[in-house]
Every structure is written in structure tokens, then in C-alpha cells.
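A short worksheet on the structure shown next.
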Ligand SMILES: Nc1ncnc2c1ncn2[C@@H]1O[C@H](COP(=O)(O)OP(=O)(O)OP(=O)(O)O)[C@@H](O)[C@H]1O
Ligand SMILES: [Mg+2]
């Protein structure tokens, strides 16, 4: 989905630099910036007046709702990430997303959560992150600032590259390389579920992997679902279609925790094979493809992972493993996953 973000800095950073703002603090791979963020004559570093500054030349990434820049703690110099959400930005647009397979733009989006999505998403993300500060594989929230219609989330800087970028550059990963990465992803998701939070947008662009330390951070809780009791269902037509289960795509009532497990299975499949388990050019074809076909795993992969993926990408949610069960599978013990667990 293409969205115009022209003048983001014109609207936000310049007035901020000039001190025309009101802000409050609630407790709580450098890439080139997009063209439209280079238009204004802004300084390299902007003091956010709350103990953090924003580094305007250190663009970290962008999604449907936000642009993210590096920043730093003005006392310790420690790196942070600053997620800039323009609150009226997505009005009337489909809620998701530009993610398909690694490096491929999705032709499909799910619509339905129109106006005020950015504001609601920001609030959802803030509330969720405040409940999830304890887990080493979930990015931490340090502070929140609001400037009229722009919200800034000052977060832990997740070092490394997104799983999406890693797959785009190196293709599929071996089981041994993938195992510690997915152990951390799985344990973070399981932890969220114990706190009654379903992430609801598990996909490669929302996972950062520090390749040096094999340290994983889960990002982006803007579409999360909170407070659904175990075994209860909800209906929420958002998410990223290629990573969404049939029940989500069909607009049925579904268990949001088991929907996360499905998304986890899709990225596991994609990471190990370099292919999406299901792909279609339009929404109805995608639903049809998931309903009627079963993806095959290459013979080079082990029987253990084939069995685990079958239990995760099980179309009947009543028979699908939950995340706690996924983590007890024998595939994890085939390598050194536990060394990287947190
Ligand atoms: N804490 C962080 N540390 C490093 N990079 C980050 C961090 N947060 C976000 N990013 C980068 O910015 C990108 C966009 O961030 P995020 O996914 O939170 O935005 P979004 O607009 O909510 O995305 P989506 O399109 O999935 O809704 C990420 O894919 C990642 O590359
Ligand atoms: Mg994202």
C-alpha cells in the first residue's frame, strides 16, 4: 500500500526544533531517509527535552503507520529508536500492509479499520509494551511524547536487521541457523500470551535479528489484541494477509493466540524455504489457496521440522498447537536453542 508521507518533517521536526511544541513524558543499520524527509533544513540532532534526542540522519525503517529513526539518551549516550507516528496519517486507508514474501510487495491488503487507526494503534502499542517490559526478546518502551497530531515512542534500539531484510539478502536459512532465532520469537510470543496479549502482526518486518549475537527483538504491537481470556474468541479483521490464518481472512471469530501461532508457522516456513507457503495475487485467491492446498516442505528439511510445521500450520485451530506446546517440540532439542533462550 502506497501512502504519501510528504512533509512529515516539515510538519513535525521543524516546529519541534524551533521549540514550538508541548510535550509530556509518560513513565514508561542505518539506512538512508526517504526523499521527502530530506526536504527540510533540519539539524542532525534534535533534543526532545525529555532526556532523549532524535538523530535525523539515522533512518531505521518504516511501516504502514510510522517512520523510525535512531536517537540517543542525552545522559548516557545510549542508542534508542524513536518511532514517529502521524496520528491522522492512515485515515480511510486499509490497515495493512506492504509485506508479502521477503522483498516482494504484497498486492493484497486487509481493509476495515479505517479512520483513527494510527491513534488507536499507538495506544494499543503503548499499553502492550508497558505490560511486556520484562521479556528480553520484546523491544522496551522508554518514553512517550505527543506533539498535537504526532506521537513519538522512544524505544530500545533493536540492533541488526529485520528478518525480512535478512531473507532478502541471504535467502532461506538452514534449520540450525533458524532454530535459535525462532526459539526467541516463540518464547516472546508465548510470554505475550501469558499476559493475554496476542501480537496479531507477526511477520518478518516486525522481527529484528542481531546477527552477531543471534539476539532477537519483536517489534510493533500496533495491531495487538489485549485481554481475550484463554480459549475465548474475537473477530478483528486486521493483520497482514499472507501471515493471517484462514479464520482471520474469512472474518470469522477466532482465537487470537492461535492466530499468532499460525503467523509464526508462516514465517518459519518462509525462513526455511525462501518461499511463502501460500501466495496469490488477490485476496479471494489467497483464501482459496489456503483452503484448498497444503504447502510441501523440501525433502532437504528434517522430518522433525516437517512434523512441527504441520502441527502449527494446521487449518483447524482446535487441532493447532498453542505456542506453549510448540516450544516443547523435539525439534528445538535437535540444536542449541536453549543457549539462546531468555
Ligand atoms: N526499536 C527499533 N529498533 C530498530 N529498528 C526499528 C525499531 N522499531 C522499528 N524499527 C524499524 O522500523 C520499521 C517500522 O517499524 P514498525 O513496524 O514499528 O512500524 P509500523 O508502521 O507499525 O509497521 P507496520 O507496517 O508493520 O504496521 C521496522 O520494520 C524496523 O525496520
Ligand atoms: Mg511493522
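In a fully extended conformation the segment linking residue 41 and residue 136 would gain 30.4 nm over its present Cα-Cα distance, using 0.36 nm per residue. When 319, 83, 120, 232 are arranged by Cβ crowding within 10 Å, least crowded first, meaning fewest neighbours, the order is 319, 232, 120, 83. Packing, taken as the mean count of other beta carbons within 10 Å per residue, orders the peptides 179-188, 305-314 from highest to lowest as 179-188, 305-314.
For segment 132-282, the antiparallel share of DSSP beta bridges with both residues in that region comes to about 95%. Ordering 165, 288, 316 from the fewest to the most neighbouring beta carbons within 10 Å gives 316, 288, 165. Taking 7 Å steps out from each Cα toward its Cβ at residue 235 and residue 316 produces label points 2.4 nm apart. For the pair residue 75 and residue 307, label points projected 7 Å from Cα toward Cβ lie 5.2 nm apart.
Which order do peptides 328-334, 291-297, 141-147, 69-75 fall in by mean Cβ count within 10 Å, highest first? The partial results should precede the final answer.
Details: 328-334: 14.6, 291-297: 11.9, 141-147: 21.1, 69-75: 18.1.
Peptide ranking by packing, descending: 141-147, 69-75, 328-334, 291-297.
One decimal place: the segment residue 291-residue 148 gains 47.0 nm when fully extended, by the rule 0.36 nm per residue minus the C-alpha distance.
Every read-out reported here was derived from the displayed coordinates using simple, explicitly stated rules and does not represent laboratory data. Fair warning: this is a prediction, and the values are worked out from it, not measured in the lab. Reconstructed Cβ throughout: ideal geometry from the backbone, glycine too, with neighbour counts over all protein chains shown.
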